[in-house]
Protein chains: 2
Amino acid sequence: MLDGVARWEPGARERLQAAALELFATRGYEQTTAAEIAQAVGLTERTFYRHFADKREVLFLGQQQFDEGFRAGIDGAPADAAPLAAVVAALRSAGAFFPDERRGHSRARQTVIDANPSLQEREQHKLAGLATTLGAALRARGVGEPAATLAARTGVMVFVIAFAQWIREEEQRSLTTIAEDVLRELGALVEGVGLTSSGPRG
Amino acid sequence: MLDGVARWEPGARERLQAAALELFATRGYEQTTAAEIAQAVGLTERTFYRHFADKREVLFLGQQQFDEGFRAGIDGAPADAAPLAAVVAALRSAGAFFPDERRGHSRARQTVIDANPSLQEREQHKLAGLATTLGAALRARGVGEPAATLAARTGVMVFVIAFAQWIREEEQRSLTTIAEDVLRELGALVEGVGLTSSGPRG
């Protein structure tokens, strides 16, 4: 059935996504209905619901691929890589999912999310899911606790901060470059408070 | 009006909270209504809604005091304290809001939240709000970006990991002690990947 739908309506999902983002941005998320999104691209509400559980999920499609982008980096890191080094590999791997040409789309999506508390909650939940995925990938490599959870959450934190910078209008650097700069900043912060064995004790 | 309510129904809010937690745990969060919570302590549904916007908010009362507990630590840190040192002060300050006798209540609340995706989303949102508060407090001290956001989010991350450990059945350490141990672990992780100026470059 879904195969049939895909044959008859090529790119329906992507067209619905683009129309939704446009309508959310111009009319407001709460004020836009699934029927209006479908209508904007000449499809029916029923077709909309074949592709998305509800209008919110239009903004959160592809969580699995998103998680997999990070996870592939961890799984591909050398077996003897330190936990946070594996996370750095995850950030580099995920960066490939956010090429510069996607910056505009990502910025528009984030603007809609930032304007709606319920969407912010959903986004936080998605990021918590990513941290869970990364923590599991690290534990699968033999990393213990709390190191696995801590390294996983550090990776998500660095991603979130780098992503917010990446979608700024004036920003030119790639997401991966920004993430590496944020990680270095974290290193400086941790060093500043004497938490490493080589630094002074706080 | 609210003063009057408080006089006639001493401790109504706390009784409703305790009853709600009990019902959420035994019957399930979705299956429990505001009217049932009120009834369990001999109050009316109307009284319930004088205290809480909805049943979800029973679990999220006191966000402002929660945030203030952290913020007081940052505001009280020496003017020349490094950003993450101010965050350590915030964690110590917040620890006072979670004395050991609250461990059982916190554990019961978390069990309810962990079982309900919508509550998890709300909890993530609350923690994101805390990160915003801490970031603002650091910027008010003259900390720049991305250091302020990074230090604030690091503080929240450490709190979340320490809190999850604190409510484990077998755990005996205080929340503050656990948080300090998690911070040391973070120092070791960061050192391991050579992100500090004194460590090897990754």
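Of A:D100, A:D80, A:D181, which is the most mobile in a GNM of chain A whose springs link Cα atoms less than 10 angstrom apart? Judging by the Gaussian network model, the answer is A:D80. Straight Cα distances below 18 angstrom link A:K55 to the lysines A:K126, with same-chain residues fewer than 8 positions distant left out. Relative to the other identical copies, A:R56 shows label-point distances of 0.7 nm, where the label point lies 7 Å from Cα along the Cβ direction and values run shortest first.
Just the number, please: Stokes-Einstein D of the range A:17-92 in µm²/s, Kirkwood Rh from C-alpha pairs, 25 °C, 0.890 mPa s. Rounded to a whole number, D works out at 168 µm²/s.
Using a simple spin-label model with pseudo-atoms 7 Å out from Cα toward Cβ, B:A136 and A:K126 lie 2.5 nm apart.
Placing +1 on the Cβ of every Lys and Arg and -1 on the Cβ of every Asp and Glu, with nothing else charged, gives chain A a dipole about its Cα centre of roughly 240 debye.
Couplings 3J(HN,Hα) for the range A:144-153, derived from phi with the Karplus relation 6.51 cos²θ - 1.76 cosθ + 1.60 (θ = phi - 60°), are x, 10, x, 4, 4, 5, 5, 5, 5, 5 Hz, where x marks Gly and Pro. Two numbers describe the Cα atoms of chain A: Rg and Dmax, which are 19.6, 66 Å. Between this copy and the others, label points of A:K126 are 2.4 nm apart in ascending order, each placed 7 angstrom from Cα in the Cβ direction. Per-residue shielding of A:126-133, expressed as the average number of other chain Cβ atoms within 10 Å of the residue Cβ, stands at 2. Which of the GluC sites (Glu not before Pro) across the range A:82-175 are loop residues per DSSP, with 12 or fewer other Cβ within 10 Å? Sparse-neighbourhood loop GluC sites (Glu not before Pro): A:E169, A:E170. Copy-to-copy label distances for A:G142, where each label lies 7 Å from Cα along Cα-to-Cβ, are 4.8 nm in order of increasing length. Look at the Cα gyration tensor of the range A:99-145: its axes a ≥ b ≥ c give a/c of at least 1.5 with a/b at or below b/c, and that counts as oblate. Taken about its Cα centre, the range A:33-134 carries a charge dipole of roughly 180 debye when the Cβ of each Lys and Arg holds +1 and the Cβ of each Asp and Glu holds -1. For the range A:30-132, averaging the sequence separation of C-alpha pairs within contact (under 8 Å, six or more residues apart) and dividing by the residue count gives a relative contact order of 19 percent. Taking a ≥ b ≥ c as the square roots of the eigenvalues of the Cα gyration tensor, the protein assembly as shown is classed as oblate, since a/c reaches at least 1.5 and a/b does not exceed b/c.
Spin-label model, B:A108/B:E30: points 7 Å from Cα along the beta carbon direction are separated by 2.3 nm.
Bear in mind these aren't lab numbers, they're just calculated from the coordinates by the rules spelled out. Everything quoted here is computed from the prediction, not taken from an experiment. Cβ sites come from the backbone with ideal geometry, for glycine too, and all protein chains shown count toward neighbours.
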